[in-house]
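Note sheet for the following structure.
The values are calculated or read from the model by the stated rules, or taken from the named source; none is laboratory data. Source: prediction; values computed, not measured. For neighbour counting, all protein chains shown are included, and Cβ atoms are generated from backbone atoms with ideal geometry for every residue, glycine included. Quick note on the areas: whole protein, heavy atoms, side chains included, nothing else; ligands and nucleic acids left out. Shrake-Rupley method; radii C 1.70, N 1.55, O 1.52, S 1.80 Å.
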Amino acid sequence: MMDFLKVTFLSVLQGVAEFLPVSSSGHLAVVRHYFGMGDAGLRLDIFLHVGTLFTVVFFYRKTVVRVLAERQWGYILKLIVSAIPVGVAGFLLKGAVSNVSSVKLIGFAFIITGVVLFAGKAIKNSRGEVDFLRSLAMGLAQAAALFPGISRSGMTISVARAVGVSPEKSAEFSFFMSIIPIGGAALLDLLGGVSLAGSGGESVSWSLVLWGMAVSFVAGCISLSFLVRIVNSGKFWMFAPYCMFMGALVLILS
């Protein structure tokens, strides 16, 4: 049985790394590998992400209310369009990416994230909105982030900024994009009964899953608030050195 402290640690890590452009999946994989924490099982992974999904809904609650109250179907359709690439990629790969066990590959992925973030330093601020083509471009970036070590927020926000979307709208749409794939994965888990046990034999109870969701929600609120300020300040690239350092460290240790 995975204990309380392990779940709490992984939940805080998920909540912080999910929004900062440093790849939460990459960090979780590296921590489990080097600290012998084992695989917590797919259910815990999914519901830690659900905790941070609640963070998005809470943080952007005014936008959620406006979109629903005013029936802004165009905005909702853009979110659906953005989810198509990750849905197709997830179906074709059939879990192969999420089962990547080579920390060396994850190290290279961290470096790729760092390069993308650093390249964003040259992007000038613009005031564009998210249209259908831009939402598709962000969706393709989100699909690339299925690979551990490639940051979802880093890729989607960087691509949005590169195609002319304003900093505020880039961050907002990027995090709304996560609702469909994460919510869908959680629903499939509930309907299909994904095992509580990880590949290493450790299992996690439903009470710890719910605790992990709550912790990742709180940590995510703090992390998202910080990230939005960074994006609006034009200093999103500042996370590039950390990602490159993390990638280099993983490669050296492996």
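Structure summary
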| quantity | calculated |
| --- | --- |
| Residue check, Gly114 of a type in the set (Gly, Ala, Ser) and at pLDDT 95 or above | yes |
| Subset of the stretch 133-179 [without any contact (Cβ under 8 Å) to a residue 40 or more places away in the chain, in contact with a strand residue (DSSP E or B) (Cβ under 7 Å, 6 or more places away or on another chain) and either within 19 Å of Ile84 (Cα to Cα) or not hydrophobic (A, V, I, L, M, F, W, C) (or both)] | Arg134, Gly164 |
| Every residue from the stretch 1-13 that is at pLDDT 90 or above and crowded, with 22+ Cβ neighbours inside 10 Å | Ser11 |
| Residue selected from the stretch 40-72 under the condition within 24 Å of Ala143 (Cβ to Cβ) and open to solvent by 80 Å² or more (accessible area, probe 1.4 Å), by the criterion nearest to the chain's Cα centre (by Cα) | Phe54 |
| Meets criteria (farther than 17 Å from Ser24 by Cα and either open to solvent by less than 10 Å² (accessible area, probe 1.4 Å) or at pLDDT 90 or above (or both)) for Ile150 | no |
| Val86 vs. criteria hydrophobic (A, V, I, L, M, F, W, C), at pLDDT below 90, under 27 Å from Leu44 (Cβ atoms) and open to solvent by less than 30 Å² (accessible area, probe 1.4 Å) | no |
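Quick grid of which residues meet (1) open to solvent by 40 Å² or more (accessible area, probe 1.4 Å); (2) within 26 Å of Lys235 (Cα to Cα); (3) over 17 Å from the mean Cα position of the chain (by Cα):
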site: Leu77; (1), (2), (3): yes, no, yes
site: Gly120; (1), (2), (3): no, yes, yes
site: Arg127; (1), (2), (3): yes, yes, yes
site: Asp131; (1), (2), (3): yes, yes, yes
site: Ala144; (1), (2), (3): yes, yes, no
